[in-house]
Amino acid sequence: MSVNWKAFVDQIRHYESFVLTSHIRPDCDALGSELAMAEVLRAIGKEVRIVNAHRTPPALQFLDPAGRIDVLGDSIEPEDVKADCIMVLDTSAWQQLGDMADVIRGLRADRMVLDHHVGEDDLGATMYKDYLAEATGHLVVQAADACKVPLTRAMAFPAFAAIATDTGWFRFGSVTSETYRVIARLIDVGVVPAEIYGDLYERDTLGRLKLRGLVLSRTTAELDGKLVYTYVTKEDFAATGALPSDTEDAINLTLAIGGTEAAVIMVEQLKGGFKLSFRSRCALDCNEIAKHFNGGGHKAAAGAFQEGTLHDVQGKVLPYVREALAKALGEKI
């Protein structure tokens, strides 16, 4: 499914003001897409505000040093969120919007979605989606082109971070030759990849490193090493001095184990329940796995949430993944 860019441009020209938002626990693709899209819209004379339900993780604050992203209930109250149009980026699910979901439902504003994930809810919005795009940040670059807005460094810097992180720094199977062509354009307007890499991967805290050590020490392998899984409890954050946002990408550490075909991480949330992340290197469809647990994402990477204790969640999730992986590999368990 590709985006109808003519319809996209025609729609945004109807509005004078926008509120951009994305999913809870925002990652680089969410934040980078919002910041880049805000610059695109401002370039064509629109009034833009970014409002998220969750704060920007400290490790990603380099994307927004000026603090342009508002946080619901912190720098802005729900009743002050007003615009002609709400644009949701990098998600199509009500649950992923957190407290912004109720704000959106209560607003008399049109809704648009720009996203690359497969699953979707009925958000009452016009959907602009491309399931084959490696990152929503790439779609924002395409939006700039459709709006005939020349790329600037202010657009390119967050867009580069969005694409680079959602492709695992260009090592995932979603990367195509077009990915590199877009990246070249972003570099041409002033992005320095080494600087972004340094901000992302060479500014770890001691707490983050200690937490990753726990994640690795708990990793368990099954099915002759084809399935690996691990977990994080909320007590681990206090014990290591890490933040919940420090679990981002932790699952990818387990994929470094030779022979791994699928991985699962269960991260307990401070308010209870577990965030689930799934990864696949084979025919196993992570999106289908996540949908079973009311989540979603991509074939190779997806997520969900489950209430319950660690024992309860493991008892629900692991047998289902184990069976699905064996079926995908044509094996018996």
**Report entry** Condition met for K226 (in contact with a Leu (Cβ under 6 Å, 6 or more places away or on another chain) and among the basic types (K, R))
**Finding:** no
Report task. All but one of (1) within 20 Å of the chain's Cα centre (by Cα); (2) surrounded by 16 or more Cβ atoms within 10 Å (Cβ to Cβ); (3) assigned to a loop (DSSP other than H, G, I, E, B) hold for N294, so report the exception by its number. Result -> (2)
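Which residues, counting only those in segment 268-306, are of a type in the set (D, E) and out of contact with any strand residue (DSSP E or B) (no Cβ under 8 Å at 6 or more places or on another chain)? Break it down into steps so the answer makes sense when it comes.
Here is the first cut: in segment 268-306, the ones of a type in the set (D, E) are 268, 285, 288.
Listed by number, the residues that qualify are D285, E288.
Name the residue that is farthest from L255 (Cα to Cα), counting only residues in segment 131-142 that are open to solvent by 30 Å² or more (accessible area, probe 1.4 Å) and not aliphatic (A, V, I, L, M). Quick ask: steps written out before the conclusion?
Residues of segment 131-142 that are open to solvent by 30 Å² or more (accessible area, probe 1.4 Å), as a first pass: 131-132, 142.
Now narrow it down to the ones that are not aliphatic (A, V, I, L, M): 131, 142.
Details: Y131: 23, Q142: 31 Å.
Filtering first and then ranking leaves Q142.
Let me confirm something: among P58, P26, P78, which residue is surrounded by fewer than 19 Cβ atoms within 10 Å (Cβ to Cβ) and closer than 25 Å to G207 by Cα? Steps first, please.
Details: P26 fails: surrounded by fewer than 19 Cβ atoms within 10 Å (Cβ to Cβ); P78 fails: closer than 25 Å to G207 by Cα.
Among P58, P26, P78, only P58 is surrounded by fewer than 19 Cβ atoms within 10 Å (Cβ to Cβ) and closer than 25 Å to G207 by Cα.
Can you tell me how many residues in segment 143-171 are assigned to a helix (DSSP H, G or I), touching a Phe, Trp or Tyr at 6+ places or on another chain (Cβ under 9 Å) and either in the same structural domain as G296 (by the TED database) or open to solvent by less than 60 Å² (accessible area, probe 1.4 Å) (or both)? I'd like the intermediate steps shown before the answer.
In the first step, residues of segment 143-171 are kept if they are assigned to a helix (DSSP H, G or I); the result is 143-146, 153-166.
Applying the additional criterion that residues be touching a Phe, Trp or Tyr at 6+ places or on another chain (Cβ under 9 Å) yields 143, 145-146, 161, 163-164, 166.
Those left that are additionally either in the same structural domain as G296 (by the TED database) or open to solvent by less than 60 Å² (accessible area, probe 1.4 Å) (or both): 143, 146, 161, 163-164, 166.
Of the residues in segment 143-171, 6 are assigned to a helix (DSSP H, G or I), touching a Phe, Trp or Tyr at 6+ places or on another chain (Cβ under 9 Å) and either in the same structural domain as G296 (by the TED database) or open to solvent by less than 60 Å² (accessible area, probe 1.4 Å) (or both).
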Query raised in the report: How many residues are of a type in the set (D, E) and out of contact with any Ser or Thr (no Cβ under 7 Å at 6 or more places or on another chain) when one looks only at segment 101-141?
Result: 3
Query raised in the report: Which pairs have Cβ atoms under 7 Å, sit 6 or more apart or on different chains, and link a residue in segment 251-267 that is closer than 25 Å to H311 by Cβ and in contact (Cβ under 8 Å) with a residue 40 or more places away in the chain to one that is among the basic types (K, R) and part of a strand (DSSP E or B)?
Result: A262/R279
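Across segment 237-258, what is the total count of residues that are more than 23 Å from the chain's Cα centre (by Cα) and part of a helix (DSSP H, G or I)? Even if it seems obvious, please write down each step before you answer.
Kept after step one, since they are more than 23 Å from the chain's Cα centre (by Cα), are these residues of segment 237-258: 238-241, 257-258.
If we keep only those that are part of a helix (DSSP H, G or I) too, we end up with 238-240.
Here the count works out to 3.
The values are calculated or read from the model by the stated rules, or taken from the named source; none is laboratory data. Just so it is clear, the model here is predicted, and its values are computed rather than measured. Quick reminder, even Gly has a Cβ in these numbers, built from the backbone with ideal geometry, and neighbours come from all protein chains shown. Protein only, heavy atoms only, side chains kept; ligands, DNA and RNA dropped before computing areas. Shrake-Rupley method; radii C 1.70, N 1.55, O 1.52, S 1.80 Å.
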